[in-house]
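Peer 1: Structure in structure tokens, see below.
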Amino acid sequence: MFDAVEIEETCRKAAGADVALCSSDELLDAAVRLERSISLLQAASAHVVARLDAAHTSMEEFGLNTDAWLAHASRQPRRPCRARVQAAVALARHFGEVDDALSDGRMTWAHAEVICSAANPRITGAMVEVQGLFLGWVEEFRFDHWARLVRDVARTLDADGGYDPNEDAMANRLRFSSLPDRTLEVGGQLVGDLSVTVRQSVEQVAHELFRRFAADHKLDPSLEIPPRQVLLALALGEICRRALAVEVGSSRQPRTEAVYVVTVEDGGGETVTGLGGEALPQSGLGVLRCDEWLQALVVDSLGVPLDMGHKIALANADQRRALAVRDGGCVFPGCDRPPGWCDAHHVIHRRHGGPTDLRLLALLCRLHHGVVHRRRWSMEPDPERPGRFLITTPSGRVLQSQRTTRLP
């Protein structure tokens, strides 16, 4: 077994080295060698995490899947850690030749990830049989061309197997990434009929918006007609608004389209933010409070909800909205599930007389809701931090709950 501490110290020494006096040839050689070293370290990491995953160690010790634990423990984004663990497991289970080539430095971690990600469960066996072909191409083609060839082979194998995307609901995925300045980046993939439905729906509404902008532009040329990409984005937002709209004659009240948070400071002042903690201008507060589609949520300086605007304070929907503001998602440390994917967990179970009180409720995703209900797991309010919780594992380890909003 290698000495991980020694490896870390060597890497830290390399990171702190002064390269100002190195010649151009030395720098060129060092750059290539360091890239090779990074790939070899990634191979070593793959062997470690694959073993941890096979033994379910992180779930038993911390209540987290291997990728979630790795992201939390190493303070990295969840998505690349998930991809790394998936590739590591695939290498350990199926692609021994690829793993050997990676460990020998005959291919890079990037090559291994392409092969593992292309090998979905339907074609893994066929991909294993041709992995030697992929290894032979590494020296022959530049990486981009090589990756395209591997994916082409995977698509051919999938087509030969009679794959029907309409029967593969798990192939659909959508992800949101929050960027600065209240910007949301959307990505993912849709397959089969769903891809056709979504595309045609968005394009149809985009065409409607184009006609509106064109009519406005005809009346006033200073009103620009947005380009196609902008129209598609606006159309997606319009479709979401229509989905939440109430039908004429319906007895159901309109759904709140947005929530703004009013934080009452200890000195009596107040600040106004969105659900994610983004600042909202005081100048527009009067307009917001008059808008039927916007809901005010008043919290104290610790982020504990005080008032639900014009709503009844203990209504179930309002409590969930308050929990979404306070917790921001699953409170289990290291989890990244948003509020919409979470249950409202009673810290004191209802059959034991636990009240439906905000201070004794916490958002937990379905996985971690099940975890805290296991034998010898317990969860209780943190006496020193209102709105936070302490989770005790069967081994006696105490985990502090997390809060993913930017409230105090």
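Only the coordinates and a few stated rules stand behind these numbers; no lab work does. Please read these numbers as outputs of a predicted model, since none were measured by experiment. Ideal geometry is used to build each Cβ from the backbone, glycine not excepted, and the neighbour counts take in all protein chains shown.
Peer 1: Return the distance in nm (one decimal) between the two label points of a simple spin-label model at residue 55 and residue 140, each offset 7 Å from Cα along Cα→Cβ.
Peer 2: A separation of 4.1 nm, rounded to one decimal place.
Peer 1: So, in nm, how far is label residue 377 from label residue 181 when the simple model puts each one 7 Å beyond its Cα toward the Cβ?
Peer 2: Simple spin-label model gives 4.2 nm for this pair.
Peer 1: Then there's this: So which GluC sites (Glu not before Pro) in region 41-119 are both in a DSSP loop and have at most 11 other Cβ atoms within 10 Å of their Cβ?
Peer 2: Those that pass, being in a loop and sparsely packed, number zero.
Peer 1: Hey, another quick one. Hey, quick one: spin label on residue 173, modelled 7 Å out along Cα-Cβ, who in region 183-210 has an amide N within reach, i.e. under 14 Å?
Peer 2: The answer is 187-191.
Peer 1: Using θ = phi - 60° and the Karplus curve 6.51 cos²θ - 1.76 cosθ + 1.60, what whole-Hz ³J(HN,Hα) does each residue of region 209-214 get, with Gly and Pro shown as x?
Peer 2: Computed from phi, the couplings for region 209-214 are 5, 4, 5, 5, 5, 5 Hz.
Peer 1: Sticking to Cα atoms, compute the Rg of region 24-163 to one decimal and its Dmax as the biggest Cα-Cα distance, whole number, in Å.
Peer 2: Rg and Dmax of region 24-163, Cα atoms, are 16.3, 54 Å.
Peer 1: What are the ³J(HN,Hα) values, in whole Hz, obtained from phi via the Karplus relation 6.51 cos²θ - 1.76 cosθ + 1.60 with θ = phi - 60°, for each residue of region 97-105 in sequence order, with x given for Gly and Pro?
Peer 2: 5, 5, 4, 5, 5, 5, 5, 7, x
Peer 1: Counting pairs of alpha carbon atoms under 8 Å apart in space and at least six apart in sequence, what relative contact order in percent does region 24-163 give?
Peer 2: 21
Peer 1: Same structure, new question: Using a Debye calculation, one point per C-alpha and no hydration shell, please list log10 I(q)/I(0) for region 179-244 at q = 0.12, 0.16, 0.25 Å⁻¹ in order.
Peer 2: Here the Debye-derived log intensity ratios amount to -0.39, -0.66, -1.12.
Peer 1: In nm, what is the difference between 0.36 nm times the number of residues separating residue 238 and residue 198 and their Cα-Cα distance?
Peer 2: Length difference between fully extended and current span is 13.1 nm.
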